[in-house]
Amino acid sequence: MYFPYAHATGPGGVVEFTRIEHWDVAMDQGRVAARNMMNHAARFDTVPFFWTAQYGKSLRYAGHALRTDNVVLHGDLSDVAKAAFTAYFVVHGAVAAVATLNRDPEAVAAMELIRLGAMPTPGELAGPAELSLTARLRQVTLERSAAAGK
């Protein structure tokens with residue numbers, strides 16, 4: 001079943017429909033359906049999050065990007081035994097998904113930044129230094145807390 005994915009918009013702000021066949025997404029959809037049946041105005045705005053561990057490596061993926069315009073890669077792949085990276089999948093000029101290898105906290109931060117609409121721009125990712133998504137999430141959280149407290 002296709003559904004409007006809250007965090008994916010196409011050109012002109014058109015909401016894109018998607019299909020994600022993963023048990024975690026299905027469970028989240030069920031929770032939202034139950035809330036709505038109980039007369040709560042719940043919106044399905046979950047950010048898909050997948051993970052696996054293979055051969056001592058942890059691979060995580062947050063967001064959804066069926067097709068990409070660009071991929072920005074941060075990390076070191078020169079030594080397979082010590083490989084670690086963060087890959088940012090850019091769609092319509094914005095980061096739509098993030099995959100990490102052996103950088104689990106970065107993937108979790110990416111999921112929350114996508115949900116908050118606070119992912120770095122492709123321009124910010126193009127700089128010489130790698131961005132820390134965990135540090136960015138802390139900054140965004142502090143800024144929003146301060147703004148709410150005013």
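Things worth noting here:
- Entirely in the range 70-146, the strands (runs of 3 or more DSSP E) that have 1 or more residues that are surrounded by 11 or more Cβ atoms within 10 Å (Cβ to Cβ) and over 15 Å from the mean Cα position of the chain (by Cα): 70-76, 84-91
- Test: LEU66 is crowded, with 16+ Cβ neighbours inside 10 Å, closer than 22 Å to HIS22 by Cα and not hydroxyl-bearing (Ser, Thr, Tyr): no
- Of the residues making up the range 11-45, just one is in contact with a Lys or Arg (Cβ under 8 Å, 6 or more places away or on another chain) and in contact (Cβ under 8 Å) with a residue 40 or more places away in the chain, namely ASP45.
- Selection of the range 43-63 for residues being part of a loop (DSSP other than H, G, I, E, B) and in contact with an Asp or Glu (Cβ under 9 Å, 6 or more places away or on another chain) yields PHE44, THR46, VAL47, PRO48.
- When the range 59-82 is filtered for residues that are of a type in the set (A, V, I, L, M), at pLDDT 90 or above and under 17 Å from GLU130 (Cα atoms), the ones remaining, listed by number, are VAL71, VAL72, LEU73.
The values are calculated or read from the model by the stated rules, or taken from the named source; none is laboratory data. It should be emphasised that the depicted structure is a prediction, and the values quoted were computed from it without experimental measurement. With ideal geometry, Cβ positions are generated from the backbone for all residues, glycine too; neighbour counts draw on all protein chains shown.
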